[in-house]
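Asker: Have a look at the structure that comes next, please.
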Ligand SMILES: Cc1cc2nc3c(=O)[nH]c(=O)nc-3n(C[C@H](O)[C@H](O)[C@H](O)COP(=O)(O)OP(=O)(O)OC[C@H]3O[C@@H](n4cnc5c(N)ncnc54)[C@H](O)[C@@H]3O)c2cc1C
């Protein structure tokens, strides 16, 4: 199974080894047999969320008192790597558990944590984070969505696009301006429970290059009345700082998906070139194949070691923005490079939908774009020079 044959990293304790086996078995039995169908349908079912909740795949690092599994970021990483190794690239679980839930845990009031986190852990609530707008993505401070004070609460207006989990989400953290005159200082995070939210509308599930089963969507908010408790935390204007604090974890989650997909690509390709023949030989016997895969394996090993270093640092709260940005940029670039080289070794079959490597090639591309483009990652790294 493991294409890199590396010793387990130091942070991988016995209980994490058991978790890895349990998640692998669950995914292979419940989700992997459905992946083809979900890709053809262009969406996975809502029931995936409750099944994932029952199996302990959601909110692994949220304390037990709020309904989570009481683990750490290491637990999230083990689950996220298994999701990537299983080929469920389209699943929004890592964002739900590793990005949306931690905002509530870190910045929410006691009441907000008790209201939302237990239902996120079961999959009753599906989380999304809506930052990007049609007019702005990288320049987050320029968002135009507004949350204006009205009576005791707020009125939310604006539109968001490219939102992961956009069709299933019923708990959406919306990045909005509570003070439109300000840039960063005017931003607040508003938590919207959408089930009974009048004025909230989902737009299209967007047609995309890859991640076929992901329900990436547009969202519209038209005079949505929100109670005062929708403001995450108790103070307006904290949203940008909250985002900046949490983005390193988001970037590491993307890096974990990258290294998982790299390992999967290598495993599939090594199996294929050992079976396929040309000119009376197995493809693996050509020196070019050996050199290609030797280079890919070497770079993947370097990537995995760096990834594990970042995870280790993050578990003890020492992963800085610069290093997290390096992991996101470098590992997603590497993923695109390695998947491309692997696909080439499949010849024409690599271009065929029925071979997973072709879908991986399409799925890989967005990794360099979302969670902050790789150009933005380089800007952040450059600030440390
Ligand atoms: C499948 C998918 C899922 C997504 N999920 C979510 C989600 O759940 N929530 C969410 O809020 N967003 C989500 N996004 C949006 C994503 O985060 C943005 O697309 C991304 O941040 C880039 O923003 P943009 O598309 O507006 O590009 P732009 O900001 O317009 O950038 C265009 C180009 O200019 C470059 N650029 C911009 N600024 C600079 C600069 N200062 N220096 C150098 N180059 C620069 C960029 O790197 C890019 O190459 C998702 C996107 C996709 C495709």
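Asker: List every residue pair whose Cβ atoms lie under 7 Å apart, where the two residues are 6 or more positions apart in sequence or sit on different chains, the first residue falls within segment 368-379 and is at negative phi and touching a residue at least 60 places away in the same chain (Cβ under 8 Å), and the second residue, located anywhere, is more than 6 Å from the ligand (Cβ to nearest atom) and assigned to a helix (DSSP H, G or I).
Answerer: Short answer, once both residue conditions are applied: 377/325; 377/328; 377/329.
Asker: Can you go through 267, 304, 313 and tell me which one is crowded, with 19+ Cβ neighbours inside 10 Å and either touching a helix residue (DSSP H, G or I) at 6+ places or on another chain (Cβ under 8 Å) or not in a loop (DSSP other than H, G, I, E, B) (or both)? Lay out the reasoning, then the answer.
Answerer: Values: 267 fails: crowded, with 19+ Cβ neighbours inside 10 Å; 313 fails: crowded, with 19+ Cβ neighbours inside 10 Å.
Checking each option against the conditions leaves just 304.
Asker: When residue 144 is evaluated against the numbered criteria (1) more than 16 Å from the ligand (Cβ to nearest atom); (2) farther than 27 Å from residue 303 by Cβ; (3) assigned to a loop (DSSP other than H, G, I, E, B), which criterion, by number, is the only one it fails?
Answerer: (1)
Asker: Which ones in segment 186-203 are touching a helix residue (DSSP H, G or I) at 6+ places or on another chain (Cβ under 7 Å) and farther than 30 Å from residue 47 by Cα?
Answerer: 187, 188
Asker: Could you list, in sequence order, the residues of segment 204-221 that are under 26 Å from residue 88 (Cβ atoms) and out of contact with any helix residue (DSSP H, G or I) (no Cβ under 8 Å at 6 or more places or on another chain)?
Answerer: Within segment 204-221, 204, 205, 206, 207, 214, 215, 216, 217, 218, 219 qualify.
Asker: Considering (1) touching a helix residue (DSSP H, G or I) at 6+ places or on another chain (Cβ under 9 Å); (2) farther than 26 Å from residue 335 by Cβ, say which one residue 98 fails and leave the rest.
Answerer: Single failed check for residue 98: (2).
Asker: Which count do you get for residues in segment 151-167 that are within 24 Å of the chain's Cα centre (by Cα) and not in a strand (DSSP E or B)?
Answerer: Residues flagged as within 24 Å of the chain's Cα centre (by Cα) and not in a strand (DSSP E or B) within segment 151-167 amount to 4.
Asker: I'd like the residue in segment 119-140 that is more than 12 Å from the ligand (Cβ to nearest atom) and farther than 14 Å from residue 193 by Cβ and, out of all such residues, is surrounded by the fewest Cβ atoms within 10 Å (Cβ to Cβ).
Answerer: So, considering only residues that are more than 12 Å from the ligand (Cβ to nearest atom) and farther than 14 Å from residue 193 by Cβ, the one surrounded by the fewest Cβ atoms within 10 Å (Cβ to Cβ) is 122.
To keep it simple, each residue is scored yes or no on (1) without any contact (Cβ under 8 Å) to a residue 40 or more places away in the chain; (2) within 15 Å of the ligand (Cβ to nearest atom); (3) part of a strand (DSSP E or B); (4) under 16 Å from residue 100 (Cβ atoms).
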residue: 149; (1), (2), (3), (4): yes, no, yes, no
residue: 169; (1), (2), (3), (4): no, yes, no, yes
residue: 175; (1), (2), (3), (4): no, yes, yes, yes
residue: 185; (1), (2), (3), (4): no, no, no, no
residue: 198; (1), (2), (3), (4): yes, no, no, no
residue: 204; (1), (2), (3), (4): yes, yes, yes, no
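Asker: Same structure, new question: From the set of residues in segment 151-167 that are surrounded by 14 or more Cβ atoms within 10 Å (Cβ to Cβ) and more than 16 Å from the ligand (Cβ to nearest atom), which is farthest from residue 43 (Cα to Cα)?
Answerer: Step by step, filter segment 151-167, then rank; the result is 153.
Asker: Just the residues that are in contact (Cβ under 8 Å) with a residue 40 or more places away in the chain, over 17 Å from the mean Cα position of the chain (by Cα) and farther than 24 Å from residue 291 by Cβ, please, taken from segment 327-366.
Answerer: 359
Asker: If you go through segment 332-385 one residue at a time, how many are within 24 Å of residue 33 (Cβ to Cβ), buried (at least 18 other Cβ atoms within 10 Å of the Cβ) and within 14 Å of the ligand (Cβ to nearest atom)?
Answerer: 2
No value in this document is a laboratory result; all are computed from the given coordinates. Just so it is clear, the structure is predicted and the values come from calculations on it, not from any experiment. Using ideal geometry, Cβ is built from the backbone for each residue, glycine included, and neighbour counts are taken over all protein chains shown.
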